[in-house]
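A short write-up of the structure that comes next.
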Amino acid sequence: MYYIVKYKDTRYWAVLHHNGKLLVVVVYKKGAEAIVQALEQILVDAVTHLQTPCP
């Protein structure tokens, strides 16, 4: 769903949405990986909360 690629001809890393839109540019690849992990966890949490039955 998200992709990590080198940003142009720099030492930076970009996180892209699956449609190719730029989300963020960071210095370290580990930072980009952490952002992707956080975004994916937000999506999982959102889906999980939608499926929980209301009391």
Q: Output the qualifying pairs, or none if there are none: Cβ atoms under 6 angstrom, residues six or more apart or on different chains, first residue in region 9-36 and in a strand (DSSP E or B), second residue of a type outside the set (A, V, I, L, M, F, W, C).
A: 13/29; 14/7; 15/2; 16/3; 23/17; 25/7; 25/12
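Residue-wise test of (1) open to solvent by 50 Å² or more (accessible area, probe 1.4 Å); (2) modelled with pLDDT of 95 or more.
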| site | (1), (2) |
| --- | --- |
| 16 | no, yes |
| 24 | no, yes |
| 29 | yes, yes |
| 33 | yes, yes |
| 53 | yes, no |
Q. Among the numbered criteria (1) loosely packed, with under 11 Cβ neighbours inside 10 Å; (2) outside any loop (DSSP other than H, G, I, E, B), which single criterion is violated by residue 3?
A. (1)
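The values are calculated or read from the model by the stated rules, or taken from the named source; none is laboratory data. Bear in mind the structure is a predicted one, so any value in this text is a computation, not a measurement. Please note: Cβ atoms are built from the backbone with ideal geometry, for glycine as well, and neighbour counts cover all protein chains shown. Accessible surface is based on the protein model in full, side chains and every heavy atom, while ligands, DNA and RNA are left aside. Shrake-Rupley method; radii C 1.70, N 1.55, O 1.52, S 1.80 Å.
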